[in-house]
Amino acid sequence: MLALHADVFDAADNEHRTQEELREFSYIVSHDLATEFRHVAEFSKFLLKDLPHDGESRRSAAIVCSAAQRCQAMLEEVRVYSRAQQPCAFKLVNLERLMETVALQASGPIHQNAATVEISVSGEVYGNEEWLRELFGRLLLNAVSFAAADVAP
C-alpha cells in the first residue's frame, strides 16, 4: 500500500514538473518570437520610408509591418499568460525602482513619441513585482501611445 502512495506522489510531482517546463517553454518561445517579429516590423518601417507613396510594393510592406505587429501583440499575451499560471510570489516592492525599470523598458516608445516621464513615487507596496511591472508598463505605454494629437505626452 505504501508503494502505491509513493507512485501517486511521483506522478503528481512529474505532472507538476511537466507543467512548469511547459510554462517556461511557452514564455521563452513567445519572448524570442516577439523579438523576431519586432525586427520584421521595424525593418518593414524602413522599407516603407524608402518606397514610393503608392504602388503594390508599399502596400505589401505595410501588410508585413501590420502582421508583424499583430504577431508581436499575440506573443506578448502568450508570455503574460505563461507567467500568470505560476504561483503568485508576493513581496515588498520598491515603487521608485519599479517605475524606473518600467520607464527604461519603455524608452523606445517614450523617445519615439517625444514623451516626458516624471516619476514621483516612493515607498514600498506588497505585491508580485513582475505583475506590477507588467501593469505599470502597459499603463505607461498606453499613456505615451494614445495621447491627444496636439499634446506631447
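Summary table
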quantity: Residues being in contact (Cβ under 8 Å) with a residue 12 or more places away in the chain and over 14 Å from N142 (Cα atoms) - total across segment 115-127; calculated: 8
quantity: Extreme residue, least open to solvent (accessible area, probe 1.4 Å), among residues of segment 109-124 that are touching a helix residue (DSSP H, G or I) at 6+ places or on another chain (Cβ under 6 Å) and of a type outside the set (G, A, S); calculated: I110
quantity: Filter result for E20 (of a type outside the set (S, T, N, Q), under 30 Å from L135 (Cβ atoms) and modelled with pLDDT under 80); calculated: yes
quantity: Residue match in segment 89-97 (condition: buried (at least 17 other Cβ atoms within 10 Å of the Cβ) and touching a helix residue (DSSP H, G or I) at 6+ places or on another chain (Cβ under 7 Å)); calculated: yes
quantity: Residues that are open to solvent by 80 Å² or more (accessible area, probe 1.4 Å), farther than 18 Å from A73 by Cβ and either in contact with an Asp or Glu (Cβ under 7 Å, 6 or more places away or on another chain) or of a type in the set (A, V, I, L, M) (or both), drawn from segment 125-150; calculated: A149
quantity: Selection count, segment 11-34, where residues are within 24 Å of P109 (Cα to Cα) and open to solvent by 70 Å² or more (accessible area, probe 1.4 Å); calculated: 4
quantity: Per-region count, segment 35-59, residues out of contact with any helix residue (DSSP H, G or I) (no Cβ under 7 Å at 6 or more places or on another chain) and either modelled with pLDDT of 85 or more or open to solvent by 60 Å² or more (accessible area, probe 1.4 Å) (or both); calculated: 12
quantity: Exclusive hit being within 23 Å of F146 (Cα to Cα), at pLDDT below 85, within 21 Å of the chain's Cα centre (by Cα) and surrounded by 11 or more Cβ atoms within 10 Å (Cβ to Cβ), set E76, E100; calculated: E76
quantity: Qualifying residue in segment 86-96 (condition: assigned to a loop (DSSP other than H, G, I, E, B) and touching a strand residue (DSSP E or B) at 6+ places or on another chain (Cβ under 7 Å)); calculated: yes
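Per-residue answers, yes or no, for (1) in contact with a His (Cβ under 8 Å, 6 or more places away or on another chain); (2) without any contact (Cβ under 8 Å) to a residue 12 or more places away in the chain; (3) not in a helix (DSSP H, G or I):
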position	(1), (2), (3)
R17	no, yes, no
S26	no, no, no
F37	no, no, no
D54	no, yes, yes
V64	no, no, no
R70	no, yes, no
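The values are calculated or read from the model by the stated rules, or taken from the named source; none is laboratory data. All figures in this text were calculated on a predicted structure; none of them were measured in a lab. All Cβ positions, even for glycine, are placed from backbone atoms using ideal geometry, and neighbour counts span all protein chains on display. These accessible areas exclude ligands, DNA and RNA; they are computed on the full protein's heavy atoms, side chains included. Shrake-Rupley method; radii C 1.70, N 1.55, O 1.52, S 1.80 Å.
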